[in-house]
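Each value in this text was obtained by applying a stated rule to the coordinates, not by laboratory testing. Given the structure is predicted, the values throughout are model-derived calculations rather than measurements. Cβ placement follows ideal geometry from the backbone for every residue including glycine, while neighbour counts extend to all protein chains displayed.
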Amino acid sequence: MRIITEALGRRSTATLSEVQGGLGIVDAPIRPHFVPCRTAGPAFPVSLPVGDNLSLHHALARAPHGSVLAVSCGDTGHGFWGEIMTVAALARGIAGLVTDGAVRDSDAIRLLNFPVFCSGIHIRGTAKDKPGSVGSPVALGGVMIRAGDYVVADSDGIVIVPPDAMEKALGRALEREEKERRIMSELRAGKTTIELLGLADLDDQCTL
């Protein structure tokens with residue numbers, strides 16, 4: 001399984017979204033905090049109440065090494081993640097953060113090169129009083145994410161691959177990459193995308 005997950009993590013999100021038939025795509029406006037940006041690993045889900053990040057501190061202490069934190073809060077009016085949490089995450093071996101909330105300390109996060117995918121930036125801080133959930137499934141960007149689902153995120157977006165679909169997704173992704181390599185080789189040799197992709201002729205559809 002480790003070989004499969006490592007290989008899956010090297011595939012592009014565009015390729016994985018295609019081979020899964022569009023399933024598992026985490027919708028915008030969640031996007032990379034800086035580019036280029038990439039991470040992959042098993043999800044560790046967290047939910048937070050608006051304006052409070054207490055449960056995220058507990059998640060940092062509990063998440064397994066290599067996890068990607070998947071944080072649901074729907075709150076872009078507070079920066080619940082910043083430089084201190086980034087340093088803590090790096091020290092714990094956390095692979096990245098995906099959230100529909102906002103972060104702050106942008107320059108520090110970028111300099112530390114910690115992969116963050118978020119819905120915004122906000123300097124307002126949070127309280128640390130109200131519990132959310134740690135490790136339970138969360139809905140994020142239109143996708144239900146469970147502990148152990150595989151997260152692949154790059155500069156184009158985020159895709160979630162369930163554990164029972166990993167092997168099939170990897171096989172199809174490798175096949176697609178090989179097909180695209182052949183297409184690009186033929187394009188460089190002079191063929192057109194119309195020929196190679198079998199696209200319809202427009203002659204009977206267009207009028208001047």
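Quick check on my filter: what residues within region 16-27 are over 11 Å from the mean Cα position of the chain (by Cα), assigned to a loop (DSSP other than H, G, I, E, B) and surrounded by fewer than 19 Cβ atoms within 10 Å (Cβ to Cβ)?
G21, G22, L23
Kindly indicate which of A88, A63 is under 20 Å from I145 (Cβ atoms), of a type outside the set (S, T, N, Q) and out of contact with any Pro (no Cβ under 7 Å at 6 or more places or on another chain). Write out each step before concluding.
On the way: A88 fails: under 20 Å from I145 (Cβ atoms).
The match here is A63.
Can you tell me which of T76, T15 is touching a residue at least 12 places away in the same chain (Cβ under 8 Å) and more than 20 Å from T126 (Cβ to Cβ)?
T15
Here is a check on your reading of the model: is A59 buried (at least 20 other Cβ atoms within 10 Å of the Cβ), out of contact with any helix residue (DSSP H, G or I) (no Cβ under 7 Å at 6 or more places or on another chain) and either of a type in the set (A, V, I, L, M, F, W, C) or part of a loop (DSSP other than H, G, I, E, B) (or both)?
The answer is yes for A59.
Among the residues of region 113-134, how many are loosely packed, with under 15 Cβ neighbours inside 10 Å and either over 15 Å from A59 (Cβ atoms) or free of Cβ contacts under 8 Å to residues at least 60 places away in the same chain (or both)?
Here the count works out to 7.
Among the candidates V35, V103, V68, V46, which residue alone is under 18 Å from P163 (Cβ atoms) and touching a residue at least 40 places away in the same chain (Cβ under 8 Å)?
V68
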